[in-house]
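Student: Below: one structure in structure tokens.
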Amino acid sequence: MASLGTKTFSVRNCLMTIATIAVKGSASDDFPADYAIVNFGYEFNAPARSEALAGGNAVIGQLRDSVAQVGAGVREMKVQSLRVHETFHHVGPENIREHTGWVAQLGGRLLIEPGTVPAVSAELIKTGVIINELTWHLDRGTEFQARRAVRRLAVADAREAAKDFALALGAKLGSLIALADPGLLGATVFANSARGSSHMAFATSGRSGALWDEYVDIDPEAITISANVEASYEVTLK
């Protein structure tokens, strides 16, 4: 997209027309994830409150032991909640509520290196834990460098667009007048902002040589970083 403004002046009895064009540059690229966040949950049922609490704590201990055995691939494990409450069901035509026991519900998250995700996921499943969500992320430094690289590509794309318009006008591309993020120049507004995406992907095939209960075949997802810029240039019309 571009906008065009013109002005004409005389230099040594020659008329010259200076046009101003505004263009958009965009770029995107994929980057391998640095780590995954695994959100997990678990429920332990027991006839008594104390037993439910003890069972929940035992599961937490088992999880910590399993994670410790995996080694350095696990960056962090946090148990973020443990709730114990009474359970009921309704019986008879009048739906009379009857006590059925107690349940301990726990939830937490793990930060895991991509290469360790399959083994840790298998350990969680063997423990009886439910993986509620798995998302892929970049480290802060990696994301900063990725956004810088993509932004530079967007600037180069804007200049190429300006060259195309100058060529179409039979004009000479002049100096850069302004460069900004979308919407800041005021000439035009672009709705799409730079952002990264991350989500979960599962593969259907198993790893060769791995036991079925020691490995969950999960593919790390590439994270897409996008950038848009606006620029305006002078062109000299012949």
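Student: So which of L138, L134, L176, L169 is buried (at least 16 other Cβ atoms within 10 Å of the Cβ) and more than 30 Å from D34 (Cβ to Cβ)? Please lay out each step first, then the result.
Tutor: Details: L138 fails: more than 30 Å from D34 (Cβ to Cβ); L134 fails: more than 30 Å from D34 (Cβ to Cβ); L176 fails: buried (at least 16 other Cβ atoms within 10 Å of the Cβ).
Testing whether each residue is buried (at least 16 other Cβ atoms within 10 Å of the Cβ) and more than 30 Å from D34 (Cβ to Cβ) leaves just L169.
Student: All but one of (1) exposed (fewer than 13 other Cβ atoms within 10 Å of the Cβ); (2) within 15 Å of G107 (Cα to Cα) hold for G71; which doesn't?
Tutor: It fails just one condition, (2).
Student: Here is a check on your reading of the model: is S81 under 21 Å from S50 (Cβ atoms) and either of a type in the set (S, T, N, Q) or assigned by TED's automatic domain parsing to the domain that holds D217 (or both)?
Tutor: Yes: the conditions hold for S81.
Student: Which condition from (1) surrounded by fewer than 17 Cβ atoms within 10 Å (Cβ to Cβ); (2) within 17 Å of G41 (Cβ to Cβ) is the one that S66 breaks?
Tutor: (1)
Student: Test each condition in (1) surrounded by 14 or more Cβ atoms within 10 Å (Cβ to Cβ); (2) part of a helix (DSSP H, G or I); (3) of a type in the set (K, R) for K126 and report the one that comes out false.
Tutor: Result: K126 fails condition (1) only.
Student: Name the pairs: first residue in region 140-152 and under 13 Å from N228 (Cβ atoms) and modelled with pLDDT of 95 or more, second residue of a type in the set (V, I, T) and not in a helix (DSSP H, G or I), Cβ to Cβ under 8 Å, at least 6 apart or on different chains?
Tutor: Pairs that qualify, where the first residue is under 13 Å from N228 (Cβ atoms) and modelled with pLDDT of 95 or more and the partner is of a type in the set (V, I, T) and not in a helix (DSSP H, G or I), are R147/I225; V150/I225; R151/V229.
Student: While we're on this one: Does A54 meet the test of being part of a helix (DSSP H, G or I), small (G, A, S) and more than 29 Å from E221 (Cα to Cα)?
Tutor: yes
Student: Select from region 122-135 the residues that are closer than 16 Å to E76 by Cβ and of a type in the set (G, A, S) and list them in ascending order.
Tutor: Within region 122-135, none qualify.
Student: Tell me which residues, restricted to region 36-60, are in contact (Cβ under 8 Å) with a residue 60 or more places away in the chain, out of contact with any helix residue (DSSP H, G or I) (no Cβ under 7 Å at 6 or more places or on another chain) and not aliphatic (A, V, I, L, M).
Tutor: Residues satisfying the conditions are N39, G41, E43.
So that you can scan it fast, the table gives a plain yes or no per residue for (1) in the same structural domain as D219 (by TED's automatic domain parsing); (2) of a type in the set (D, E); (3) assigned to a helix (DSSP H, G or I):
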position: R64; (1), (2), (3): no, no, yes
position: A72; (1), (2), (3): no, no, no
position: M77; (1), (2), (3): no, no, no
position: E98; (1), (2), (3): no, yes, no
position: G108; (1), (2), (3): no, no, no
position: L111; (1), (2), (3): no, no, no
position: A122; (1), (2), (3): no, no, yes
position: G174; (1), (2), (3): yes, no, no
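The values are calculated or read from the model by the stated rules, or taken from the named source; none is laboratory data. Every value quoted in this text rests on a predicted model; they were computed, and no experiment measured them. Neighbour counts run over all protein chains shown; Cβ positions are idealised from the backbone, glycine included.
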